Structures are given as structure tokens and as C-alpha cells.
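The next block holds one structure in the form of C-alpha cells; read it before the comments.
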Amino acid sequence: MQFHSQSSYQFHCGKYQLTLNRPHVMGIVNVTPDSFSDGGKFVSTNLAVEHALKLIAEGADILDIGGESTRPGAAPVSLDEELSRVIPVIQALRGISTVPLSIDTYKPAVMRAAIAAGADIVNDVRALQEDGAIEAVANSNAGVCLMHMQGTPQTMQLDPKYVDVVEEVKHFLMDRLHVAIAHRIVKERILFDPGFGFGKSTVHNIALIQHLDSLADLGQPLLVGLSRKAVLGQIAGGDEQQRLHAGLAASVISVMKGAKIVRVHDVKATVDALKVVAVVMPVNNEE
Ligand code: 9MG
């Protein structure tokens, strides 16, 4: 496989300017009952922070903190419940770490509270389409990840349909970019994400991986999340816990095809794999 011609982006998020001239690893911190269960809120906050610190020690460049599952079929949680899960974790991490923090949410009230607590990036699987979401980001200096999704997590995998998935995802992301820019969110603050598994069949996901370079050519840094996703099981077999090797292959391919950030559960293994890519990957720092 050829390397996609690698441009280097400056990504402005909160008080950080990340130079994306090497692959960056975003570690996933899910503050949901199935991740850090029982023992009450205090215990789950402590366990989430402990897990976050482990990911930082393993080399995570960014942490993505989420309090509502976006898995297919997952039930939404209330605003109060989501706030009570994520805000204490962000506050605790902000006090002890300088790693850029991302909040995984589509709710404007959670965005605002998370940014006030010290989050630097809003990772929105709905690409700022909720009422008030654009304003929540525009009235801050946070970076934002605009992700494509067809449908909602409750319905998205029932029967996803596209005429041309790659062109439709590209069109959606460019459209959301223009809306964001019209609200004075400068392009240096914006990441694109094709949203693997969000309203996409195996065929759609594979087509998007194959054409990732054309998404990278849209001119915004690309974030990719394939870690432990069903498409990897459909290709390589295995349940969620058995998808590490397939996930590493997916991260390496994504970066070779131009992705700048990979969102993963398995930070140490991914960091090691991407060090190999970074060493042999030509980067054009002129852009
Ligand atoms: C929250 N979340 C789950 N999967 C994701 C993906 O692929 N990308 C982004 N940006 N967020 C995701």
C-alpha cells in the first residue's frame, strides 16, 4: 500500500495547539455502568480516573471521556446522569494531568459543563446538529470532531442505505464544516470523522476504509474510530475482546491512508504499532 501524502495540521483545541505531524492516539474512557460498575458514583469516578491515568502512561495523546454509550441499540441516558458521570472525571483529570481531554457528547449542556470543567475537544457523533450545540462550541475555544452518522444509535444499524457511501459521507462532512465556519468556528478547530459503524453495513465500512485517503483530501484532519468495532469481527471473527489484532491492522491502514488521530481502547499496542508507521512515513511539514 502507498502512503497517503501526509500533510501536517495544527489542531487548535482549548489551550493546546496540537501539531498533527505524527499519528496521535486518542484513548477511550467510557464512564458507563458496564465499564466501571457498582460501588456508587465515587468509586466509578475513581476507577475511570485510574483507567485514564493508565492510558496516559501507555502513551495516549488525548483522552475521550464519554458518559452515554453510542453502541447500536444503546439506550440514551438523562442529562443529569450523563453530567454526574463525566464532569467529576474531567475535573479530577484536569487537576492532575495536562493531556488534552475530549468530551464525547451530543448534548449542548454537557458540552458547556465539560468545557467549563477543562475539556479541550468536543467529540460529537451528531456533528453539532442538536439545537444549541454549534453555539456551545462557538462560544468556547474548544476543538470539535464532526462525525457522520446515519440515523441514531437506537436505529442506525437496522438497514443503512446509501447510493454512494463515500460521496455521501464527504458531502455531509463538508456541509457541517461550512455550517461550523459560518458560526465562527475556524477550520483549525475542526476534525472530520466518517463514523465507522454508525449507520453503516460491513460493505459500507469497508468502502470507507478503502477510500479514507479521499476523505483525508478534504483538507481537515481525520479522526478514525475502528477499535473493537463489529466490522473487525465480521472480517476477522471474534467477539469484542478478541479484536485487538484486527484493530491494530485497521489503525495502521487508517494512518497510512491519511488519518491523523485514531480513537482506541488498546492504547499501548496502538502506540507501538504506530511508532513503526511514523518512523517510515514521509511527512510534508510545509503545509
Ligand atoms: C463515541 N464514539 C464511538 N465511536 C466513535 C467513532 O468512530 N468516532 C468518534 N469520533 N466517536 C466515537
Worksheet item: Quick one: of the DSSP bridges fully inside segment 10-280, what percent are antiparallel, nearest 5?
Response: 15 percent
Worksheet entry | Amide H partners (placed H, <5 Å) of Cys145, local residues excluded | Val122, Asn123, Asp124, Leu191
Discussion item. Taking loop as defined by DSSP and a crowding limit of 15 other beta carbons within 10 Å, which trypsin sites (Lys or Arg not before Pro) in segment 146-234 fit?
Written reply: Lys161, Arg184
Discussion item. Once neighbouring chains are kept in place and the probe is 1.4 Å, which whole percent of the accessible area of the chain is contributed by carbon and sulfur?
Written reply: 56 percent
Item to complete: Counting only heavy atoms of the protein chains, get the accessible area per residue of the chain (1.4 Å probe) and round it to a whole Å² value.
Response: 42 Å²
Discussion item. Strictly over 32 Å apart at the Cα level, which of Lys15/Lys161; Lys161/Lys268; Lys161/Lys275; Lys54/Lys260 would you flag in this model?
Written reply: Lys15/Lys161; Lys161/Lys268; Lys161/Lys275
Worksheet entry | Stokes-Einstein D in µm²/s, Kirkwood radius over Cα pairs - the chain at 37 °C with 0.692 mPa s viscosity | 174 µm²/s
Discussion item. With just the Cα atoms defining each centre, how far is segment 154-193 from segment 215-287? Give it in Å.
Written reply: 20 Å
Item to complete: Using Cα centres only, tell me the gap between segment 75-119 and segment 51-70 in whole Å.
Response: 12 Å
Worksheet entry | Only Lys, Arg (+1) and Asp, Glu (-1) charged, at Cβ; segment 185-258 dipole about Cα centre in debye | 60 debye
Response to the item:
Order by accessible surface, 1.4 Å probe, largest leading, for residues Glu50, Glu68, Glu188 comes to Glu50, Glu188, Glu68
Worksheet item: About its Cα centre, how strong a charge dipole does the chain have in debye, to the nearest 20, once Lys and Arg get +1 and Asp and Glu get -1 at the Cβ?
Response: 360 debye
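The values are calculated or read from the model by the stated rules, or taken from the named source; none is laboratory data. It should be emphasised that the depicted structure is a prediction, and the values quoted were computed from it without experimental measurement. Here the Cβ is made from the backbone with ideal geometry for all residues, glycine too, and neighbour counts use every protein chain on show. The area values use the complete protein model at the heavy-atom level, side chains included, leaving out ligands, DNA and RNA. Shrake-Rupley method; radii C 1.70, N 1.55, O 1.52, S 1.80 Å.
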